[in-house]
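Engineer: Below you'll find the structure I mean.
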Amino acid sequence: MKRFITTLAILLVVIVAGMTALVLLVNPNDFRAYMAKEVEQRSGYQLVLNGDLRWHVWPQLSILSGPMSLTAPGAQQPFVSASNMRLDVKLLPLLSHQLAVKQVLLKEAVIRLTPDSAAQRPANAPQGPDDAAPPTPLTQRWTFDIDNLQVADSLIIWQQGNGEQLNVRDLNLQLSQNAQRYAHIELGSRVSRDQRELLLKLNADVDLSRYPQHLAATVNQLDYQLSGADLPREGVKGQASLQAEWRDNDAFSLKNLALSLNDSQLSGSASGTLGNRPQIALDLHSPALNLDPLLGLETHISSDGQRIQAQRGGPAPVIAQPEQDNAGSLFNQMDGQLALTVDNLNWRGLTFNGVTLQGSSNNGLVTLAALTGKIGNGQFSLPGSVDFRHTRTQIALTPSLQNIAVAPLLKAFELPASLNGDLTLNGNFSGSGLSVPDFKRAWQGSAEISLDNALMAGLNFQRMIQRAVERSSSRVHAAAGPENDFQHITGKMTLQKGLLA
């Protein structure tokens, strides 16, 4: 045992002495030009390492660098810049004065996805013949040949097509891949904008074997939490998982989509194409969809029976609220189709069952081909259209209601509960705006109605007639009966800026 320990100690001393000698004999600065040359040959990007390179032996043999930058050809700003970089290297290749990098660590990096950091063709580049094949974009020449990449405490600056800038802060990324170009990604970040904050945590596997022609990914788990101004006090949070594919013709597909939003769940698939005007098709199913907490419409019952809308988590300041304008609406920037089925849906305190929605969007005009479902003992159909092509949203609906209880509807729309019964309605309504105040001020239309089991608060026509007869003749005495006698009312109604007639 003593001999074994002695042998082990000698071996350890030899290894330490060998590594020390290797570190002393090999100058990491000798690899500076080699690394810059390799990066430029593989991708066209220019790698700049500032300051001296130095060894770091424990716990991993590494090369430490000062500030670094990676710049695309012709770009005015670097694509990546970091305060320091660490290269974990393999020991044995150093014996032959070769550099083999196992992992790259960037700390406090700034990643720019802006026009100034994008690759540009030189102004004096020669022009080929008109019928020549277009050159390969510089961005497609980039290949990721590092087995492991770690980015810590970093920032992404992303400038969108409309010029607005989005900052992704506290970025922590761990990326690893094998020889077959199958990668594993773990990511965490925080996005803040307009007094709202989005927290993300991602775990995914990506198939890069046929990139850039084809890209496949499996999102094992995505945790998110959205909170801030004009959102529910508790925010919106949940998890998601899916399988995604993308092809070089900008076509994509999402399969086995599972998404939770607070206490709601969605599953289904999506497909479409991206480009100047995206085309998206969604096929979704939800066993339970509770819109009230998602829209900040949690309600309570006061002493007088009226519903009071709960406040949201801090409205945005008035100076930050622009005038309503649909020019930037998603419906004016993309087209699509939606097929949605919901087993149980809650909205404004109402419970719907078996809801089916078939809709499409084309150039800002949303067409609701079918919106059907059941509520209580009744059912409804609500086809129509929503037009986002104007400054204010224009809505046109053709409702058909069968045996819908009136009292819950009045409470849901913050109207006095002065009428009760089962409503049957067929009509046409139109207006601007989607809120309850808009409905009260800017909607109009007409409908034929039929009300069974009708009861108006303070009014009972049958009892009024009986009492009138009793007063006119002492010989007539109406039998005592319940005050809430059943009544049946039919007629036609009109709505004009909140006034019913």
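Here, each number is a calculation from the coordinates, and none is a lab measurement. Source: prediction; values computed, not measured. We place every Cβ from the backbone using ideal geometry, glycine too, and count neighbours over all the protein chains shown.
Engineer: In the range 358-374, which residues have a backbone nitrogen under 18 Å from the label point lying 7 Å from SER385's Cα in the Cα-to-Cβ direction?
Structural biologist: 358-371
Engineer: Need the full-extension length gain, GLU164 to LEU365, defined as separation in residues times 0.36 nm minus the C-alpha distance. One decimal, nm.
Structural biologist: Fully extending the segment from GLU164 to LEU365 adds 69.8 nm.
Engineer: Looking only at the range 183-215, which residues have a backbone nitrogen under 19 Å from a spot 7 Å from the Cα of SER83 in the C-beta direction?
Structural biologist: Residues 189-190 fall inside that zone.
Engineer: Which value in nm describes the separation of the simple spin-label points at LYS237 and ASP52, placed 7 Å from the Cα toward the beta carbon?
Structural biologist: 4.9
Engineer: Multiplying the sequence separation of THR356 and ARG196 by 0.36 nm and subtracting their Cα-Cα distance, what value in nm do you get?
Structural biologist: 54.4 nm
Engineer: Still on this structure, please answer the following. For a paramagnetic label modelled at 7 Å from the Cα of LYS102 toward its Cβ, which residues of the range 36-62 fall within the zone defined by backbone nitrogen distances under 20 Å?
Structural biologist: Correct set: 54-62.
Engineer: Continuing with this model, one more query. Note the full-extension length gain between ASP343 and SER260 as 0.36 nm times their separation in residues minus their Cα-Cα distance, in nm to one decimal.
Structural biologist: Working: separation 83, 0.36 × 83 = 29.88 nm, distance 1.52 nm.
Extra length from ASP343 to SER260 when fully extended: 28.4 nm.
Engineer: Classify the range 170-238 as rounded, prolate or oblate, taking a ≥ b ≥ c as the square roots of the eigenvalues of its Cα gyration tensor: rounded when a/c is under 1.5, otherwise prolate if a/b is larger than b/c and oblate if not.
Structural biologist: Because a/c hits 1.5 or more and a/b exceeds b/c, the range 170-238 counts as prolate.
Engineer: Rounded to whole Hz and in sequence order, give me ³J(HN,Hα) for the range 348-361 from the Karplus expression 6.51 cos²θ - 1.76 cosθ + 1.60, θ = phi - 60°, writing x for Gly and Pro.
Structural biologist: 3J(HN,Hα) across the range 348-361, in whole Hz: 6, x, 9, 10, 10, 10, x, 7, 10, 10, 10, x, 8, 10.
Engineer: Same structure, new question: Say the dipole of the range 178-252 comes from +1 at the beta carbon of Lys and Arg and -1 at that of Asp and Glu; which of ALA217, ALA244, SER189 then lies farthest toward its positive end?
Structural biologist: SER189
Engineer: Taking the simple approach of a point 7 Å from Cα along Cα-to-Cβ for both GLU448 and ALA412, what is their distance in nm?
Structural biologist: 2.4
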